[in-house]
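Enquirer: Can you keep this structure in mind? I'll have questions shortly.
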Amino acid sequence: MANLTKEYFDQQFKKVAIKDDLKRLAAKEDLTQQTVELKAYTDEKVDKLAGMVARRFDELERRLDVKEEVEKLKVQMKQVRDALSL
């Protein structure tokens, strides 16, 4: 069986939260500040995403407008060819 050393226990206990860590985590002010920061972060990301979606819809709308124009031109071209018997 392996010998347990002080160094091994020191390494393992570094991973364990101490009383001061728990007090800091439980502090209402810290949680409130973290909540405010998280809300600001998510608001920023949502606004950025909404802008991206809006730009994409604008691009699609432009493409659809061009597609409609191309369809009209195809119809007109067919009428010209029919009229000229080509």
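The values are calculated or read from the model by the stated rules, or taken from the named source; none is laboratory data. A quick note: this is a predicted structure, and the numbers were derived from the prediction, not measured. Ideal geometry is used to build each Cβ from the backbone, glycine not excepted, and the neighbour counts take in all protein chains shown. Only protein heavy atoms, including side chains, enter the accessible area calculation; ligands, DNA and RNA are left aside. Shrake-Rupley method; radii C 1.70, N 1.55, O 1.52, S 1.80 Å.
Enquirer: Keeping all protein chains in the complex and leaving out DNA, RNA and ligands, what accessible area do you get for residue 32 with a 1.4 Å probe, in Å² to the nearest 10?
Expert: My reading of the accessible area for residue 32 is about 70 Å².
Enquirer: A further question on this structure: For the chain, set up a GNM with springs between Cα atoms under 10 Å and report which of 14, 23, 72 has the largest fluctuation.
Expert: Of 14, 23, 72, the most mobile in the Gaussian network model is 14.
Enquirer: Probe radius 1.4 Å, ligands and nucleic acids ignored: give me the carbon and sulfur share of the accessible area of the chain as a rounded percent.
Expert: Values: 5210 of 8620 Å².
Whole-percent figure for carbon plus sulfur exposure: 60.
Enquirer: With θ set to phi - 60°, apply the Karplus curve 6.51 cos²θ - 1.76 cosθ + 1.60 along segment 74-86 and write out the HN-Hα couplings as whole Hz, x wherever there is a Gly or Pro.
Expert: Whole-Hz 3J(HN,Hα) from phi for segment 74-86: 4, 5, 5, 5, 5, 4, 5, 5, 5, 5, 8, 6, 9.
Enquirer: What size of dipole, in debye to the nearest 20, comes out for the chain about its Cα centre when the only charges are +1 on Lys and Arg C-beta atoms and -1 on Asp and Glu C-beta atoms?
Expert: 240
Enquirer: For the chain, count the residues as N, evaluate 2.2 N^0.38 Å, and divide the Cα radius of gyration by that value, please. Display every interim value, and only then the final one.
Expert: Working: Rg = 33.2 Å, N = 86, 2.2 N^0.38 = 12.0 Å.
Computed over Cα atoms of the chain, the ratio equals 2.78.
Enquirer: While we're here: Could you do me a favour and compute the accessible area per residue for segment 11-82, 1.4 Å probe, result in Å²?
Expert: 98
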